Amino acid sequence: MREVRVTRTERDGAVEIGFRFKSSDQLLDPDDPSPLPARELTEFAEEYIASYLDGCNLKEIAGITVGLPGESLSPEKAALLPETIRRHFSFRIADLDDDRRVSRREGRISLALAILNAAIAVLFIGVIAGRLDGPTAILLTGLVTILNWVTVWDTYEYFVYDYRREVRKRRIYEKLADIDIRVEAW
């Protein structure tokens, strides 16, 4: 079971979030042979921590606490884990930047296609549909309208929703790369 217990403590307007993992293998990738602090977090831990912070006001978060079972947490490991976590999110910021570059390119292409489709729709409806009669005109006008709507919606979705989500995720990772992290045994 991948259950993680989360606690939220507020003091003087600052929030500290505690993540209590069942084992260190839930937090640290067991397939990564690198020593701490170069070891990677598991995808589960990365997504769990980041998605929890996504629901919070990042300006209020002062730190996080990572809890691991006492038998899996040596003093040396407890000292290196905060840097391991911060380092992981620092490296992931570069990956997000690469993803954003690709996404921007796709957004520009999508915008160009939306403009081209809108021009074709206007041209078709203004010139060709006026010369056709009956069901053929209705069918072709409906088809052009639907294709245009899909293209415009895809572009709109990127610029209004996807881009904002990418920016928010980067802000979360920047926060995690610089946040105060405490490690404790439970």
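Each Lys and Arg contributes +1 and each Asp and Glu -1, all at the Cβ; summed about the Cα centre of the chain, the dipole is approximately 600 debye.
May I ask for the distance between the Cα centers of segment 1-71 and segment 102-150, given as a whole number of Å? Using only Cα atoms, the two centres lie 48 Å from each other. Based on Cα contacts under 8 Å between residues 6+ apart, segment 1-160 shows a relative contact order of 20 percent. About the centre of its Cα atoms, segment 29-82 shows a dipole size close to 300 debye [charges on the beta carbon of Lys, Arg (+1) and Asp, Glu (-1) only; nearest 20 debye]. Each of Tyr173, Gly67, Tyr48 was scored by the projection of its Cα onto the charge dipole of the chain, and the greatest displacement toward the positive side belongs to Tyr173; charges sit on the C-beta of Lys, Arg, Asp and Glu. As I understand it, the dipole of the chain uses +1 on the Cβ of Lys and Arg and -1 on the Cβ of Asp and Glu, about the Cα centre. Which of Leu36, Val102, Asn117 lies farthest toward its positive end? The residue sitting most towards the positive pole is Asn117. Charge tally for Asp154 (other residues, Cβ to Cβ under 12 Å; Lys, Arg +1; Asp, Glu -1): -3. For segment 106-165, the relative contact order comes to 52 percent (Cα pairs under 8 Å, sequence separation of at least 6). By accessible area, using a 1.4 Å probe on protein heavy atoms only, the chain has 56% of its surface on carbon and sulfur. Most simply put, the chain has about 40% antiparallel DSSP beta bridges, counting only bridges with both residues inside it. Comparing Gly142, Phe159, Leu132 along the charge dipole axis of segment 106-186, the residue lying farthest to the positive side is Phe159, per the Cβ-charge model. Each residue of segment 7-22 was assigned a 3J(HN,Hα) from its phi angle through the Karplus curve 6.51 cos²θ - 1.76 cosθ + 1.60 (θ = phi - 60°); the sequence is 10, 10, 10, 10, 9, 6, x, 9, 10, 10, 10, x, 10, 9, 8, 6 Hz, with glycine and proline shown as x.
The values are calculated or read from the model by the stated rules, or taken from the named source; none is laboratory data. For clarity, every value in this text was computed on a predicted model and none was experimentally measured. All Cβ positions, glycine included, derive from the backbone under ideal geometry; neighbour counts span all protein chains shown. Heads up: the accessible areas ignore ligands, DNA and RNA and are worked out on the full protein's heavy atoms, side chains in. Shrake-Rupley method; radii C 1.70, N 1.55, O 1.52, S 1.80 Å.
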